[in-house]
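Remarks on the structure that follows.
The values are calculated or read from the model by the stated rules, or taken from the named source; none is laboratory data. Everything numeric here is computed off the predicted structure, so don't read it as measured data. Positions of Cβ are generated from backbone atoms using ideal geometry, with glycine treated the same way; all protein chains shown enter the neighbour counts. Accessible surface areas use protein heavy atoms only, side chains included; no ligands, DNA or RNA. Shrake-Rupley method; radii C 1.70, N 1.55, O 1.52, S 1.80 Å.
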Amino acid sequence: MNLKNIIKPTRKKLFLLVGLFIIAGAFLLVSGKNESIQSSKTVADTALVKKHLTALTQTAQFRNHKNIDQLSNIADYIHQTFAPYGDSTAFQEYKVDGKIYKNVITSFGTENTKRIIIGAHYDVCGDQQGADDNATGVTALLELARMLKGQKLKYRVDLVAYTLEEPPYFRTENMGSYIHAKYLKDNKIDVYGMASVEMIGYFRDEKGSQGFPIGILSWIYGDQGNFIMLAKKMTGAGPFVKSFIKNFKGSKQIKTETFSAPKFIAGIDYSDHLNYWNFDIPALMITDTSFFRNKNYHQTTDTLKTLDTKRMTKVIDAIFLSIIHLK
């Protein structure tokens, strides 16, 4: 038996197989790259997140209720960013003490009757940048607008940037979210639910970095500020809230906790969702827990350098996935 005749074709087959594996690997690599490019519009873009955060915080004046021109400039920036993506984009103007303030609204899936509201306020408390409170929430809206364009939606989605959430108008009928929620109620608009995006950029992994309104809660949630909190009513949250939370957690983008409490517990209604609750519209708050974690709250130290934009983008991704998979 001639061993050369056996070995020779075996080597040929081996080289052929190696060649096929190389070609197949190259094909998979290219396919994977193309798939990533095609899906990039549905993932929050860190560069754009930083761009929007900078535009919102690095302003000539602070974006508080006294600086009307600055608030109008920010409203214009939000409108200009929304406009290329939404089916429609508009200001909702109203007067307070003879001055005009503006909510900014952009809509998607306008062929649907029932709608959901995703909202965040763009004003700040006093003379400070308000990076976490609440440039992070508004930036989420701006990125969601880009990500929602062209999506097949089961519900109409309205992204609403509110004015006058902060003192001295907090808990008054001059809040932008009150004006918007009342409009929905007065016009008998069919609203499935609302989510308030309130401070989503401050995370800490150190022990002792997370506080709570009741100390015993640290036994349940731990004492590290490394999660996002979904806060809802103790009872009667409704199917929107349940579906949103299920999708948010199921997206596995970021460590997530759910907090249910009556309204008298400090912090549970400290944002724009409270006005939707007041008009019997199901709502929840998406938050890094505000002053229970972030000691820069309402301080001049609430600046960009304190933010964790990497984890913040994961929160935006989770909100997007929650919206498009709503039941």
Note on region 292-327: residues part of a helix (DSSP H, G or I) and more than 20 Å from Leu53 (Cα to Cα) are Phe292, Leu321, Ser322, Ile323, Ile324
Can you name the residue in region 109-139 that is in a helix (DSSP H, G or I) and under 21 Å from Tyr178 (Cβ atoms) and, of all such residues, is nearest to the chain's Cα centre (by Cα)? Gly137
Quick one: in region 199-216, of everything that is farther than 15 Å from Asp308 by Cα and in contact (Cβ under 8 Å) with a residue 24 or more places away in the chain, which residue is most open to solvent (accessible area, probe 1.4 Å)? Ile214
Check Asp158 against each of (1) over 18 Å from Tyr276 (Cα atoms); (2) without any contact (Cβ under 8 Å) to a residue 60 or more places away in the chain; (3) open to solvent by less than 10 Å² (accessible area, probe 1.4 Å) and name the one condition it does not meet. (1)
Looking at Asp269, is it more than 21 Å from Leu159 (Cβ to Cβ), open to solvent by 50 Å² or more (accessible area, probe 1.4 Å) and not aromatic (Phe, Trp, Tyr)? no
Single residue of region 83-113 satisfying the filter (farther than 11 Å from Leu159 by Cβ and of a type in the set (Gly, Ala, Ser)) that is least open to solvent (accessible area, probe 1.4 Å): Gly109
Suppose we keep only residues that are small (Gly, Ala, Ser) and within 17 Å of Leu141 (Cα to Cα) within region 275-327. Which one would you say is surrounded by the most Cβ atoms within 10 Å (Cβ to Cβ)? Ala283
